[in-house]
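Below is one structure, written out as structure tokens, with a few remarks after it.
No value in this document is a laboratory result; all are computed from the given coordinates. Keep in mind it's a predicted model, so treat the numbers as computed, not measured.
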Ligand code: PBG
């Protein structure tokens, strides 16, 4: 309808009015908070490129989880920095691995949190790739067995959800099989379905000590230029048994989040990754951006794009800000 009859500003006049017609509402309940578990006791070591994010030993992780739950955040995702790395990532699958210990400790403390685990080998291999190396490349099928055993060991330790992030073909199917065969048919799989080969993972690799020692991840993670392929990956994972799918990173891929949300009938998660966090932190430290404002704006944009769940290092701060609103 033409001006002057149509005046969109009428509905923007007061905060109360704006809140009545607001289409997207962010809530602490949308967040999943990533945590990095390392060996030792009373270790809490800040990651240089990610101010406010720490590698923590199991005892510190338990303390942190209490705080996360108190803030109304329903879930965490655990990444492990193992005692030792080798060429096949043996420490990913052991009963007493750091992640397995952390899961047991959180469960023992009876903290009301959904414990998700990242299932991948890059933190556990000495070469830093997400699978085993054969003839200079990451070998798909032999990697599946190790990933499956890793997922099983997480489930045995008490993980509520397992989340494979390796981007090997067929891993969701293999993980579903091994979980079902061992009495864990109730443990859901959140697959990193459309995971792009992104420069925005840089700070994470410092946090998880997982940068590849040679080459890059382009032979298994997706080309940032591709859109159809994201849907192909998502459909394949759902067919293989994924209960939820993820798009990663989030901010440079809001179009993909929207497409996936429109195309599937399972919950869609988006990972607001390390580089997206560090960028904001750096600008804020320089006094160039208002952190509170831009963080809530960015997280709202991810939700508006269609994400039902948001993995974000901003979860705790955002939950505090939302509670005060
Ligand atoms: C792989 C994994 C990565 C991230 C989550 N899982 C890194 C990678 O693929 O190199 C990145 C998360 C982030 O950047 O915050 N296990």
Out of 47, 32, 161, a Gaussian network model of the chain with alpha-carbon springs under 10 Å gives the largest mean-square fluctuation to 47
Taking Cα atoms, the helix 254-263 axis meets the longest principal axis of the chain at an angle in degrees (rounded to 10) of 80
Largest first and rounded to whole Å, the semi-axes √(5λ) derived from the alpha carbon gyration tensor of the range 168-271 read 23, 19, 12
Note on the range 22-129: contact order normalised by length, alpha-carbon pairs under 8 Å, 6 or more apart, percent, works out to 29
So, relative contact order of the chain in percent, Cα under 8 Å, 6 or more apart, is 18
Helix 291-305 sits off the longest principal axis of the Cα atoms of the chain, rounded to the nearest 10 on a 0 to 90 degree scale, by 80
Tilt, helix 171-181 to longest principal axis of the chain (alpha-carbon atoms), in degrees rounded to tens, equals 70
The rounded separation in angstrom of the Cα centers of the range 265-325 and the range 51-89 is 19
Given 10 °C, 1.306 mPa s and a Kirkwood radius over Cα pairs, the Stokes-Einstein diffusion coefficient of the range 37-155 in µm²/s is 106
When the chain is treated as a Gaussian network with springs between alpha carbons less than 10 Å apart, the largest mean-square fluctuation among 85, 45, 195 is found at 45
Per-residue ellipticity at 222 nm attributable to helices in the chain (runs of n ≥ 4 DSSP H, -39500 (n - 2.57) apiece, nearest 500 deg cm²/dmol) works out to -12000 deg cm²/dmol
From the Cα centre of the range 198-259 to that of the range 99-117, the distance in Å is 26
For the chain, the Debye formula with one identical point scatterer on each Cα and no solvent gives log10 I(q)/I(0) at q = 0.10, 0.14 Å⁻¹ as -0.56, -1.10
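Tell me the volume per residue, in Å³, of the convex hull enclosing the alpha carbons of the range 94-245.
On the way: hull volume 18.1 nm³, N = 152.
So the per-residue Cα hull volume is 119 Å³.
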